[in-house]
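Q: So that we are looking at the same thing, I have put the structure below in structure tokens.
Computed from the coordinates by the stated procedures, all read-outs in this text should not be read as laboratory data. In this text the structure is predicted, and so the values were computed from the model without any measurement. Cβ atoms come from the backbone with ideal geometry, glycine included; neighbour counts cover every protein chain shown.
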Amino acid sequence: MLYINCPHCGMRSQNEFSYGGDASVKRPKLNKEVSDQEWDNFVYNRKSLRGKHLELWQHISGCRQWIKVERDTATHEIFRTFKADEEVA
Amino acid sequence: MQKYSIFNLVKNAFSNHQNWDLAWKDPTPKEEYDVVIIGGGGHGLATAYYLAKEHNITKVAIIEKGWIGGGNVGRNTTIIRSNYMHDENGLFSEFGMDLWRKMSQDLNYNVMFSPRGIINLAHSDAQMNAYARRGNSMRLNGIDAVLLNREQVKEIIPMADFSHNVRFPIFGGLMQPSAGTARHDAVAWGYARQADSMGVDIIQNCEVIGFDVSAGKINGIRTSRGNIKAKKVGLCVAGSTNILAEKLNMTLPIETHLLQACVSEPIKPVLDNVVTFGAGHFYVSQSDKGEMVMGGDLDGYNSYAQRGNLPTLQHVLTEGIAMMPFLSKLKMLRTWGGIMDMSMDGSPIIDKTHIEGLYLNCGWCYGGFKATPASGWTFAHTIAQDRVHELNAGYSLNRFSTGHLIDEKGLGTKTWIS
């Protein structure tokens, strides 16, 4: 069982969360021509890192907020959690 | 190579089976090969075998970080089927079914292929319609499919829950009678033994550290046991695809996820077929040892840990008990996990890459084991001829950017969408 520290609600079990994938993916800015390659990278291509991975989770059975979680994909250790709009250094 | 036969068995009995040849050798890496296959799993071993057998390319090495057959080919639930609707998947898998039927003879190794049939249960009228459509598509591609009504299903699997108060009553099912199971370790060992006998070097405990690429062309690989020159390199590393892609500065439409399976204590024969639950993701069959072999959903988050987590197992087995209540009486014997190369549309990739001489075989999601022979055969063709075969033409790497997705069930990385 993973325990995720929701920045809004505190420590909760993974059963309350749903996973949202890589949080480092940025949607292309729409104020310019977006190439197929850029869309491709945004929609499909992923680094899928082994080790520290910044990812989105939604506290679906809690506050229903999206949050960011820094987790190790090899050990499942969770290091830090952030609100969705927090910049991660 | 010694042939495995009743005569050799009797002959070796006189020396207490102490004098059998090794099934494959343990060579030191040579300086150069025509083709290097990275990954000594089912697909890598099959690729090397078909390179030697079909294309007469025998200066081949298989580079494996651990030991052969230690990854997903030894961690799956051994199901073999071709019950796909889309042409790309159906024709590819049905080609594989032919190879499965001949495999034990072909490899001189008993892979215990058991065509016991697979039944996908339907739990609503809409699902029956969808299965009728899929069954018709399968039959158009020459794949056997039978639509069963509730009574027919009940005759085959009376132990399923046919009471009327259940949340997901069984309306019927789609059966592929020629589908089945095989002994997964034997598949890896059979391919390894034959590949070795034709001159392929199987190099274990050898980790790939990097690639030697210059002017858009592959020249070789760097490993923990030294540099190896190669004209062509094929990647067959399933859940480790992204790790190697990073070394090649490639970003792929693949995420690595964790998938669990489990077996119960052995019981007397109760289930003849493979059965899948249609209102969730759960499947079960009974092994020759009598264990109920079960599996279902991904754990749901990116992972390289080859071990699972209990909440998913609990969720999967809840579905199992809803389908076959007697499963709740069984004790769990073992659970394990493997790491899956989940492609974004749920279908695999067997293709060339933008680097000349580098070939990619990945994205097998839940269905890598059954694809072993067809994947090896088509990948060997792609490498040997430097062009894709019509069977794997649809499994291109650029289909994501061109929009030619093969979204059989939408079972890619985002399982919650399905």
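Q: Going by how many other beta carbons lie within 10 Å of each one, how would you line up B:MET198, B:MET103, fewest first?
A: B:MET198, B:MET103
Q: In addition: Working from Cα positions, state the angle (0 to 90°, nearest 10) between the long axis of helix B:310-323 and the longest principal axis of chain B.
A: On a 0 to 90 degree scale, this one is about 50.
Q: Loop only by DSSP, 15 or fewer other Cβ within 10 Å of the Cβ. Give me the trypsin sites (Lys or Arg not before Pro) in region B:1-34 that pass, ordered by residue number.
A: Here the trypsin sites (Lys or Arg not before Pro) that fit, given the DSSP loop and packing criteria, are B:LYS3, B:LYS25, B:LYS30.
Q: Peptide A:37-47: average number of partner chain Cβ atoms within 10 Å per residue?
A: 5
Q: While we're looking at this one, here's another question. Quick check on packing: order B:228-236, B:333-341 by the mean number of other C-beta atoms within 10 Å, highest mean leading.
A: Highest to lowest by the protection proxy: B:228-236, B:333-341.
Q: Could I ask something else about it? Go through A:34-40, B:137-143 and give me the packing order, highest mean Cβ count within 10 Å leading.
A: Top to bottom by mean Cβ count within 10 Å: B:137-143, A:34-40.
Q: Let me check I have the definition right: for the protein assembly as shown, take the eigenvalues of the Cα gyration tensor, multiply each by 5, take square roots. What are those semi-axes in whole Å, largest first?
A: For the protein assembly as shown, the ellipsoid semi-axes come out as 34, 32, 22 Å.
Q: Please label the shape of region B:54-103 as rounded, prolate or oblate, based on the square roots a ≥ b ≥ c of the eigenvalues of the alpha-carbon gyration tensor (a/c under 1.5 means rounded; beyond that, a/b larger than b/c means prolate, else oblate).
A: The shape class here is oblate.
Q: Something else now. From Cα pairs below 8 angstrom and at least 6 apart in sequence, can you work out the relative contact order of chain A, rounded to a whole percent?
A: In percent, rounded to a whole number, it is 29.
Q: Helix B:125-140 versus the longest principal axis of chain B: what angle, 0 to 90°, nearest 10, using Cα atoms?
A: Roughly 40 degrees, rounded to the nearest 10.
Q: Let me ask something additional. Enter the angle in degrees (range 0 to 90, nearest 10) between the Cα long axis of helix B:372-385 and the first principal axis of the Cα atoms of chain B, meaning the one along which they spread out most.
A: Once rounded, one gets 30 degrees.
Q: Related question: List, in the order given, every pair from B:LYS3/B:LYS231; A:LYS26/A:LYS83; A:LYS52/B:LYS232; B:LYS102/B:LYS370; B:LYS289/B:LYS329 whose Cα-Cα distance in the structure shown is over 23 Å.
A: B:LYS3/B:LYS231; A:LYS52/B:LYS232
Q: Apply the Kirkwood formula to chain B: the hydrodynamic radius equals the inverse of the mean of 1/r over all pairs of different alpha-carbon atoms; give it in Å with one decimal.
A: 22.1
Q: Moving on. Sort the following peptides by mean Cβ neighbour count (other Cβ atoms within 10 Å, averaged over residues), highest first: B:110-116, B:44-50.
A: B:44-50, B:110-116
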